[in-house]
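These notes are about the structure you will find just below.
The values are calculated or read from the model by the stated rules, or taken from the named source; none is laboratory data. For clarity, every value in this text was computed on a predicted model and none was experimentally measured. Every residue, glycine among them, receives a Cβ derived from its backbone with ideal geometry; neighbour counts consider all protein chains shown.
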Amino acid sequence: MGAAAPSRDSVRLSELMAAWSVAIDVGQAVPLETGLRVCSRAVRLAQRTGADAGEQRRVYYLALLRHIGCTAANPELAGLLGDEQAFRAGMGTLDASSARALLPYLLRSTVGVLPVAARPAAFLRLAGSAGVLREAGHAVCEVARMLLDRLGFDAGLRDRLREDVAMVYERYDGRGHPDRIDGDRVSGAAQIVHLAESVTVHVAMVGEDGALAMLRERRGRAFRPDLVDTFLEGADPLLAEPADPWTEVLAAEPGGAPVLGRDAVDEVLTAFADFVDLKSPYISGHSRSVAALAGDAARLCGLPADDVAAVRRAGWIHDAGRLSVSVAVWDRAGPLVRDELEQVRLHPYVTERVFSRSPALSPVAALAGRHHERVDGSGYHRAQQGRELGRAERILAAADVYAALVTGRAHRTALPPADAATTLRDEARAGRLDGDAVDAVLAAAGHPGRRRQAAVAGLTGREVEVLRLVARGMSNAAIAAELVLSRKTVEHHVEAVYAKLGVHSRSAATLLAMQKGLLSIPPV
């Protein structure tokens, strides 16, 4: 990693992280570029405190990636909260790290929206949720650290960010979560970013005066007193909103502009794919599968090397827009209502928006945003027709369909590969998918045969089976029924899997399973 200008195949580290920050905004249900505004304000505050370039750099990247673990434990949170996206969107100016502030909102938005007869049971379920929330908090931190390891940071910065990201929900008074760390044990970078994020949200919702009142009220509680004082002493420039957050954040990168080469960029994008696919157990590993199929199919079709690389990258990022839709929608076994269907149909558009400001990735995003288009114009979100869709778009669409068919969803079971191939060919005959693209994808999928992937990480064959079912969101009892084992035996297998992988949560185990290719599409 150096400071030279990017080549055709390389990308500035800050550009990748800024794009990821926009994706985090989608997952957190806040306006796009909120994270960029937090970053700009946090760096200015760090400079005001006299922080050196190294500390500013730490603040810079932490601000962009502060919620990088936000897709962890989504199914558990959705089971508790219902529509987790609506819950996040309604947080507004509440102090998310304060149980006193959060509990009334939690009651209103969960128990309060239910019919009167259903409220007692819901209240009891919520009353017993402390353990779920605590475990979810630790899963978020664990996954965040694992993802940070893959983003191309130098070792020193990476290790510091791994410490910082576990503290972004902590408070100066020790009433944060998940570990109730207090005082100066909360890193300076985390405290600056926490304050900058709260100010950014308040400026957007209640104006500058409201933001300043919030700081005074939370001084010595949520925030370190001297940080609040420093902010208030020079509030005007710190409150100023950037005219173009993307441009300002890239220009403000402390310590130069490190550049990642092609392989490092691809590693970041595969990490991003895993980040998205933790949204729901039904899509664990889906983006990796689509990328592999589409890239191999593009190569079999004779596309130029640059186009093959673009198709593969589009596969990794194509489902970024899924973050905008609640798990309650994606994981529903029954039919969706009209508004929910519209959310689903717009997710390719959101994918494009996430990466639209990145010069290096916007062409890939334009391709990724067309993965649900169909040759006959029946797809979404633009309903484009054959003449508007190039070979790359057609291949990506076919790869996405095949990878989805051979894995289960809430509303259907997985198809055997042979049946999935038949379905794809039927779609081509009906004029919805491109026939050449279908043939290439099926060849890439190994029809008529492919060798089974070997186990890794010292896992036995049975442990791999258990891990795959854990990653699909199944409980120990459900796994026991699926594999015709006792629940105690399954518990021993799960413990062994966690120990061998060195993880402590379902989300982290799922992330490692995706990284090691254990959730790829089944062999033919």
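Tabulated data
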quantity	calculated
Exclusive hit being buried (at least 24 other Cβ atoms within 10 Å of the Cβ) and either in contact with a helix residue (DSSP H, G or I) (Cβ under 6 Å, 6 or more places away or on another chain) or of a type in the set (Val, Ile, Thr) (or both), set SER324, SER289	SER289
Residues that are at pLDDT 70 or above and either among the small types (Gly, Ala, Ser) or not assigned by TED's automatic domain parsing to the domain that holds HIS177 (or both), drawn from the stretch 113-133	ALA117, ALA118, ALA121
Subset tally (residues that are in a loop (DSSP other than H, G, I, E, B) and either hydrophobic (A, V, I, L, M, F, W, C) or at pLDDT 95 or above (or both)) for the stretch 417-431	1
Considering residues of the stretch 150-204 that are touching a Gly at 6+ places or on another chain (Cβ under 6 Å) and not basic (Lys, Arg) only, the residue farthest from HIS67 (Cα to Cα)	ASP182
Only one of ARG66, ARG58, ARG41 that is buried (at least 24 other Cβ atoms within 10 Å of the Cβ) and more than 20 Å from PHE231 (Cα to Cα)	ARG66
Members of the stretch 322-342 that are within 16 Å of ARG412 (Cα to Cα) and of a type in the set (D, E, K, R)	ASP331, ARG332
Flag for SER280 being surrounded by 21 or more Cβ atoms within 10 Å (Cβ to Cβ), in the same structural domain as ARG313 (by TED's automatic domain parsing) and touching a Pro at 6+ places or on another chain (Cβ under 9 Å)	yes
The stretch 65-89: number of residues that are assigned to a loop (DSSP other than H, G, I, E, B) and over 25 Å from ASP164 (Cβ atoms)	2
In the stretch 397-416, the residues that are out of contact with any Pro (no Cβ under 9 Å at 6 or more places or on another chain) and modelled with pLDDT under 95	GLY408, ARG409, ALA410, ARG412, THR413
Of the criteria (1) out of contact with any Leu (no Cβ under 6 Å at 6 or more places or on another chain); (2) part of a helix (DSSP H, G or I); (3) under 18 Å from SER198 (Cα atoms); (4) modelled with pLDDT of 80 or more, which one GLY92 fails	(2)
Sole residue being in contact with a Phe, Trp or Tyr (Cβ under 8 Å, 6 or more places away or on another chain) and at pLDDT 95 or above, chosen from ARG322, ARG374, ARG370, ARG394	ARG322
Among (1) surrounded by fewer than 23 Cβ atoms within 10 Å (Cβ to Cβ); (2) among the basic types (Lys, Arg); (3) under 27 Å from VAL140 (Cα atoms) - the single one ARG338 does not satisfy	(3)
The lone exception for ILE181 - which of (1) buried (at least 21 other Cβ atoms within 10 Å of the Cβ); (2) part of a loop (DSSP other than H, G, I, E, B); (3) free of Cβ contacts under 8 Å to residues at least 40 places away in the same chain it fails	(1)
The stretch 492-524: number of residues that are exposed (fewer than 15 other Cβ atoms within 10 Å of the Cβ) and either of a type in the set (Asp, Glu) or not in a helix (DSSP H, G or I) (or both)	5
